[in-house]
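See structure below.
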Amino acid sequence: MAKNDVYGDRMTTPIGRISYPFVFDRAKSLQPDKEGKYEITLYIPKTEDISALRAALEKIAREAFGTKFRTLEALTHPPIKDGDQKGAGDPAFGHWIIRAKSAKKPGVVGPDRSRIENKEQIYGGCFGRLNITPATYSVPTGWGVTMYLNAVQKVKDGERFGGGGVSAEDAFEALAVEEPASIDDNF
């Protein structure tokens, strides 16, 4: 089996589109007796060079699993997924998909490195990058490579995924409200 879990060096990803950000509150766990984790998904354009990230993940996998490790894509849960498999209409199309998690709340900053505390500023569709630590894991149900989330940097705003961000006032037009009929009108 594997050595103890192996950790790579901290590194920063290229800029991508943020999706499913749970960086201020934990995501719900699928297991009722377990606490959720902080997590975020990043869609990195395929035009960006991710070779350093790929090399860091492969290095720790070889160190931990030896010849048992073949390729990142052959893992049961690959740490880098191909967004083209989702189809041309999906926002992930043309991107590499990575997800990073942590039991500890990550730091969140803006482009000028000032802290972001407002949940509304980090949303699916804005642009950002992640500081992560690659790591291996070995559990009774399997083994693989993951990325621990250290921090998030929002780079700029972008169009929200899913069409969200509309206020209730802007979503509806005003209606004339009819007064309900009184009981006496029915007799």
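The values are calculated or read from the model by the stated rules, or taken from the named source; none is laboratory data. Only a predicted model underlies this, so the values are computations on that prediction, with no experimental measurement involved. Methodologically, a virtual Cβ is constructed for each residue, glycine included, from the backbone with ideal geometry; neighbour enumeration extends over all protein chains shown. The area values use the complete protein model at the heavy-atom level, side chains included, leaving out ligands, DNA and RNA. Shrake-Rupley method; radii C 1.70, N 1.55, O 1.52, S 1.80 Å.
In table form, for the structure just shown:
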quantity: Nearest-ten-degree value, helix 51-65 long axis tilted from longest Cα axis of the chain; calculated: 60
quantity: Accessible surface, the stretch 33-183, averaged per residue in Å² (probe 1.4 Å); calculated: 62
quantity: Most mobile listed residue (LEU149, LEU72, LEU130) in the chain, GNM with C-alpha springs under 10 Å; calculated: LEU72
quantity: Sparse-neighbourhood loop sites, trypsin sites (Lys or Arg not before Pro) in the stretch 102-156 - DSSP loop, at most 11 other Cβ within 10 angstrom; calculated: LYS104, ARG113
quantity: Those lysines that a straight Cα-Cα span of less than 21 Å connects to LYS68, excepting residues fewer than 8 apart in one chain; calculated: LYS3, LYS59, LYS81
quantity: Added length on full extension, which subtracts the Cα-Cα distance from 0.36 nm per residue, ASN4 to TYR137; calculated: 47.1 nm
quantity: Modelled FRET efficiency - R0 30 Å, LYS86 with SER114, Cβ distances, 0.05 increments; calculated: 0.30
quantity: Segment LEU30-GLU48, extension gain: residue separation times 0.36 nm, minus the distance between their alpha carbons; calculated: 3.2 nm
quantity: All lysines inside 17 Å of LYS86 as judged from Cα atoms, apart from same-chain residues fewer than 8 positions distant; calculated: LYS46
quantity: Fraction of accessible area attributable to carbon and sulfur, the chain (%, probe 1.4 Å); calculated: 50
quantity: Shape category assigned to the stretch 22-63 from the gyration tensor of Cα positions, a/c cut at 1.5; calculated: oblate
